[in-house]
Amino acid sequence: TGDSTDFDREVASICPFCGVGCQVSLKVKDDRITHVEGLNGPANEGRLCVKGRFGFDYIHHPHRLTRPLIRRDDAPAKGLNVDPGNWATHFREATWDEALDAAAAGLRGRGVEVAGFGSAKCTNEEAYLFQKLIRQGFGHNNVDHCTRLCHASSVAALIENVGSGAVTATFNEIENADVAIVIGANPVENHPVAATYFKQFTQRGGKLIVMDPRGQALSRFATHMLQFRPGADVSLLNAIMHVIVEENLYDQQYIDAYTENWAAEKAHLAAFTPEAMAPVCGIDAGTIRAVARDFAGARAGMIFWGMGVSQHIHGTDNSRCLISLALMCGQVGRPGTGLHPLRGQNNVQGASDAGLIPMFLPDYQSVTDDTIRAEFQAIWNSDDWSGKAGLTVTEIIDAIHADKIKAMYVQGENPAMSDPDVDHARDALARLDHLVVQDIFLTETANYADVILPASAFYEKSGTVTNTNRQVQMGRPAVPPPGEAREDWAITVALAQKCGLNWHYDSPADVYAEMARGMPSLDNITWDRLAAEGAVTYPSLSPTDPGQAIVFGDGFPRDGGRARFTPANVVAPDEAPDAEYPMVLTTGRQLEHWHTGSMTRRSRVLDAVEPQANCSLHPATLRKLGVEPGGMVTLTTRRGTVQVMARADRAVSPDMVFLPFAYVEAAANILTNPVLDPFGKIPEFKFAAVRVTAA
Ligand code: SF4
């Protein structure tokens with residue numbers, strides 16, 4: 001937002017917000033970033049959205065943590081009761097040595113009583129060190145991060161049926177497609193630069209099929225917009241596939257060569273006629289048939305999906321359907337084809353790849369496999385640890401309530417805002433004996449901390465991140481961290497040493513070198529290469545190969561080399577609307593605000609554009625309630641109540657309300673249902689029964 005010619009240096013780095021991973025040029029004057037421009041990165045080719053261009057000044061906000069803090073002996077009882085700009089009644093400043101001693105004292109020797117939440121906003125090296133600390137230091141796998149709240153069900157389905165949890169093709173491959181499905185995703189708001197490629201695809205004649213219970217800006221570019229009933233995804237997708245079978249539109253040659261379990265899938269689909277499913281989905285049979293013909297008839301087709309697919313108790317089944325749809329049409333492994341779950345956070349792909357999940361070591365190698373653990377013991381020079389998969393994010397919260405977990409290390413995550421039924425999560429955080437929070441701001445989660453360790457924003461550190469396209473990219477520091485704040489990797493190393501581990505790393509490059517030894521996906525991708533080239537896509541087949549934008553053209557990384565059809569049954573959402581709670585609540589993000597708002601609500605331009613908590617209701621619903629647009633409404637579910645300003649929005653159906661989750665004053669997750677998908681263990685953020693009344 002500063003003068004675009006007035007700077008004394010430029011630094012190339014990566015936007016810290018979404019999984020698109022736009023490369024940026026940071027203009028710096030007097031150790032302050034003054035403005036940001038897009039660079040010609042592989043994912044963005046110079047483009048940026050409003051967050052990337054204007055959402056940088058949070059790093060200079062006066063709320064930044066600049067010294068370690070320790071909870072005062074006379075602090076009020078733990079609760080959401082700390083002013084992030086005036087915390088002295090609750091915390092006192094400490095030296096790093098004192099704070100690290102205090103942090104370690106509450107963790108060391110407590111084994112399975114300790115759990116860790118790492119962060120998809122930190123680098124690959126930091127995610128790697130975090131999971132290593134929990135496993136090596138405490139002997140178990142109770143380590144997870146926000147992938148559990150994001151695409152865990154998509155990854156579960158992809159690993160089950162394709163053999164790999166990452167995308168099969170970059171989103172930029174849409175330029176070679178002639179048909180694309182976007183389902184349960186709102187890229188114009190959530191992956192805005194990717195959305196520009198989707199719009200260009202339609203301008204050159206590509207057929208875009210958008211499916212979502214909520215309307216969206218991309219529908220203006222769509223050949224078909226299917227605004228189906230919330231929760232009816234499996235019925236709709238099975239009906240589309242039924243037509244493809246009934247009309248012999250499937251690719252028998254591809255199915256025979258590359259897949260298994262087709263007979264079971266085909267038989268399963270027989271019952272899902274479009275006529276039977278139309279009333280369930282709210283989409284007429286003719287449209288279902290037209291979509292099936294368009295996708296199956298494509299020369300090259302892609303499928304993109306987001307959290308509208310994954311955040312359901314049937315999220316894994318939703319993804320199974322999308323995988324089956326692509327496989328039956330042979331739409332994987334060629335230019336312009338592929339399966340692409342649009343990843344949310346800037347490094348949720350990389351943090352998952354680095355093993356920041358309770359069931360997998362780096363590169364999705366199972367913790368239950370003795371041989372794999374032995375390989376990591378050799379790399380880490382470590383004793384063995386538990387071969388049992390650890391607890392996931394929401395299971396850890398429940399284990400705190402059950403007095404099984406009593407101490408936590410939280411790096412850059414904000415479960416006091418992001419967890420479902422968040423009052424339950426906040427009560428758990430308050431109940432812990434010992435909570436160490438490492439962050440750049442005194443977040444809602446840090447309200448409950450015993451020790452707070454001040455960390456670095458992304459533009460203050462070196463490290464690699466991996467975007468939704470499998471592109472590993474180099475982040476570089478533009479400005480120093482404020483005060484005594486340190487880079488996250490260095491804090492984790494110091495804490496590990498205080499916990500008794502013999503760790504020595506001089507730099508993120510050291511960490512990367514060790515990490516790459518246990519990750520075949522990083523073969524041929526060295527730190528020096530990333531420093532020189534800025535980005536390399538994995539897999540990279542040689543030291544000069546820029547990486548494979550499309551994978552699985554000649555088989556799949558499963559036993560026998562074949563992908564699998566896994567038939568999906570219809571599972572109803574957990575809470576059916578009833579007389580008491582007659583509407584459907586769905587939650588998500590807005591263009592201007594990122595996740596729990598800790599960064600973007602402290603960015604001047606973004607906060608000016610979208611300053612107030614709001615929900616979206618259909619104009620007819622507002623009329624029925626007697627509320628003017630801009631008036632206040634009360635939303636009540638079985639978990640709690642929030643009051644929030646209502647906007648008139650025809651994109652939501654009259655029986656639905658959309659509530660973004662960035663606003664602490666109207667925290668959406670007070671309302672959400674914590675019930676989990678049984679495979680991905682992801683909560684049903686996209687469907688809760690709700691009552692809406694005038695406030
Ligand atoms: Fe940043 Fe995503 Fe916007 Fe690109 S699209 S500028 S990565 S928020």
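Computed values, structure above
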{"quantity": "Selection count, segment 263-318, where residues are assigned to a strand (DSSP E or B) and of a type in the set (G, A, S)", "calculated": "1"}
{"quantity": "Per-region count, segment 362-393, residues outside any loop (DSSP other than H, G, I, E, B) and surrounded by fewer than 24 Cβ atoms within 10 Å (Cβ to Cβ)", "calculated": "15"}
{"quantity": "Among (1) surrounded by fewer than 24 Cβ atoms within 10 Å (Cβ to Cβ); (2) out of contact with any Asp or Glu (no Cβ under 8 Å at 6 or more places or on another chain) - the single one L133 does not satisfy", "calculated": "(1)"}
{"quantity": "Residues (surrounded by 24 or more Cβ atoms within 10 Å (Cβ to Cβ), part of a loop (DSSP other than H, G, I, E, B) and more than 10 Å from the ligand (Cβ to nearest atom)) located in segment 178-198", "calculated": "G184, A185, N186"}
{"quantity": "Test result for A276, more than 25 Å from F687 (Cβ to Cβ) and small (G, A, S)", "calculated": "no"}
{"quantity": "Selected residue (only one of A532, A516 is touching a helix residue (DSSP H, G or I) at 6+ places or on another chain (Cβ under 8 Å) and either surrounded by 14 or more Cβ atoms within 10 Å (Cβ to Cβ) or outside any loop (DSSP other than H, G, I, E, B) (or both))", "calculated": "A516"}
{"quantity": "Verdict on H618 being within 15 Å of the ligand (Cβ to nearest atom) and either under 14 Å from P654 (Cα atoms) or surrounded by 14 or more Cβ atoms within 10 Å (Cβ to Cβ) (or both)", "calculated": "no"}
{"quantity": "Some residue of segment 106-123 being touching a Ser or Thr at 6+ places or on another chain (Cβ under 8 Å), buried (at least 19 other Cβ atoms within 10 Å of the Cβ) and touching a residue at least 40 places away in the same chain (Cβ under 8 Å)", "calculated": "yes"}
{"quantity": "Residue among R529, R486 that alone is farther than 17 Å from G118 by Cα, among the charged types (D, E, K, R) and over 22 Å from the mean Cα position of the chain (by Cα)", "calculated": "R529"}
{"quantity": "Strands (runs of 3 or more DSSP E) within segment 421-512 that include 2 or more residues over 30 Å from T394 (Cα atoms)", "calculated": "471-475"}
{"quantity": "Any pair with Cβ under 7 angstrom, 6 or more apart, that starts in segment 7-24 at a residue that is under 16 Å from A535 (Cα atoms) and ends at one that is of a type in the set (V, I, T) and near the ligand (Cβ under 7 Å from one of its atoms)", "calculated": "V20/V193; C22/V193"}
{"quantity": "Test: residue in segment 22-44 that is within 14 Å of N346 (Cα to Cα), within 15 Å of the ligand (Cβ to nearest atom) and charged (D, E, K, R)", "calculated": "no"}
{"quantity": "Any hit, segment 614-637, residues being touching a residue at least 24 places away in the same chain (Cβ under 8 Å), within 30 Å of A326 (Cβ to Cβ) and of a type outside the set (G, A, S)", "calculated": "no"}
{"quantity": "Residue in segment 267-284 that is touching a strand residue (DSSP E or B) at 6+ places or on another chain (Cβ under 6 Å) and surrounded by 24 or more Cβ atoms within 10 Å (Cβ to Cβ) present", "calculated": "yes"}
{"quantity": "Residue ID - surrounded by the fewest Cβ atoms within 10 Å (Cβ to Cβ), chosen from residues in segment 199-217 that are within 16 Å of the ligand (Cβ to nearest atom) and without any contact (Cβ under 8 Å) to a residue 40 or more places away in the chain", "calculated": "Q200"}
{"quantity": "Qualifying residue in segment 243-262 (condition: over 26 Å from N673 (Cβ atoms), in a helix (DSSP H, G or I) and of a type in the set (D, E))", "calculated": "yes"}
{"quantity": "Enumeration of residues in segment 539-557 that are within 25 Å of the chain's Cα centre (by Cα) and assigned to a loop (DSSP other than H, G, I, E, B)", "calculated": "P539, S540, G547, Q548, A549, V551, F552, F556, P557"}
{"quantity": "So R623, is it more than 24 Å from the chain's Cα centre (by Cα), at pLDDT 95 or above and not β-branched (V, I, T)", "calculated": "yes"}
{"quantity": "Given (1) surrounded by fewer than 24 Cβ atoms within 10 Å (Cβ to Cβ); (2) touching a residue at least 24 places away in the same chain (Cβ under 8 Å); (3) within 16 Å of the ligand (Cβ to nearest atom), number of the condition W87 does not satisfy", "calculated": "(3)"}
{"quantity": "Evaluation of T394 against (1) modelled with pLDDT of 95 or more; (2) over 27 Å from E487 (Cβ atoms) (one fails), failing number", "calculated": "(1)"}
{"quantity": "Checklist (1) among the hydroxyl-bearing types (S, T, Y); (2) farther than 23 Å from A217 by Cα; (3) touching a strand residue (DSSP E or B) at 6+ places or on another chain (Cβ under 6 Å) applied to S616, failing item", "calculated": "(2)"}
{"quantity": "In segment 460-481, the residues that are of a type in the set (S, T, Y), surrounded by 24 or more Cβ atoms within 10 Å (Cβ to Cβ) and out of contact with any Gly (no Cβ under 6 Å at 6 or more places or on another chain)", "calculated": "T464"}
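The values are calculated or read from the model by the stated rules, or taken from the named source; none is laboratory data. Small disclaimer: the values here were computed from a predicted structure and weren't measured. All Cβ positions, glycine included, derive from the backbone under ideal geometry; neighbour counts span all protein chains shown.
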